[in-house]
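J.: Dropping the structure in here first, questions after.
The values are calculated or read from the model by the stated rules, or taken from the named source; none is laboratory data. All values reported here derive from a predicted model rather than from experimental measurement. As a convention, Cβ positions derive from the backbone with ideal geometry for all residues, glycine included, and neighbour counts pool all protein chains shown.
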């Protein structure tokens, strides 16, 4: 079993839809949970970061971590065509260390 | 300001050739990471530098892979006797703080897309 599992999609939604992206992980030592966004032929860029369990909101984006079930979610409200990208979850055991990425979910938002 | 830059952006190599991939991190960033991203996969960790010291090379897939950062800034990832399975995007990331200090964003470069024929 891989440390981080993520459904690769693709996921296609109309503009304005609410999107839910999810990851599961196996290592209970993970403490830091990042979501990266990667546009085609670009490097990943940090979107959201959460420490331990709980929710974090930033504009249209909400990150949620449930450590009891080892489940990570990213919600996008009022999705826009510019949100079309691959979303990668990346937990880590220790601050500032190597990231362990999921496979990434490819999202397409149509106008 | 300038972000992480990588060169070349694209590299085609014949099987058996040696290649060298360059990373210019953000100025002043202490930590530098190399990742390998195969098609349809997430990036996988290769190696980590803190300044010029290579503190973790546990992700390097074979002894054909070698990385250096001699002056603590620019880094080079070298692959000897390339094989078809080496075809991937090689990403470099830099961070302001040291491993294990505090949580700090890793800033990624655009990657070098390597195709081995």
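J.: Quick one: would you say residue B:110 is within 11 Å of chain A (Cβ to nearest Cβ), under 22 Å from residue A:46 (Cβ atoms) and modelled with pLDDT of 95 or more?
T.: Taking the combined requirement at face value, the residue satisfies it.
J.: If you don't mind, another one. Looking at the range B:50-70, which of its residues are within 25 Å of residue B:17 (Cβ to Cβ) and within 14 Å of chain A (Cβ to nearest Cβ)?
T.: B:54, B:57, B:59, B:60, B:67
J.: To continue, here is another question. Collect the residues in the range A:25-78 that are away from chain B (no Cβ under 14 Å), part of a strand (DSSP E or B), surrounded by fewer than 16 Cβ atoms within 10 Å (Cβ to Cβ) and touching a residue at least 12 places away in the same chain (Cβ under 8 Å), keeping them in residue-number order.
T.: Listed by number, the residues that qualify are A:66, A:71.
J.: Kindly evaluate residue A:90 against the criterion of being surrounded by 15 or more Cβ atoms within 10 Å (Cβ to Cβ), closer than 19 Å to residue B:93 by Cβ and within 14 Å of chain B (Cβ to nearest Cβ).
T.: Taking the combined requirement at face value, the residue satisfies it.
J.: What about residue B:77, is it more than 14 Å from every other protein chain (Cβ to nearest Cβ), closer than 27 Å to residue A:87 by Cβ and in a strand (DSSP E or B)?
T.: When the stated conditions are applied, residue B:77 passes them.
J.: Moving on. Quick one: residue B:105 ticks every box in (1) surrounded by 14 or more Cβ atoms within 10 Å (Cβ to Cβ); (2) over 13 Å from the mean Cα position of the chain (by Cα); (3) farther than 19 Å from residue A:92 by Cα bar one, so which box is it?
T.: Only one criterion in (1) surrounded by 14 or more Cβ atoms within 10 Å (Cβ to Cβ); (2) over 13 Å from the mean Cα position of the chain (by Cα); (3) farther than 19 Å from residue A:92 by Cα is unmet by residue B:105, namely (3).
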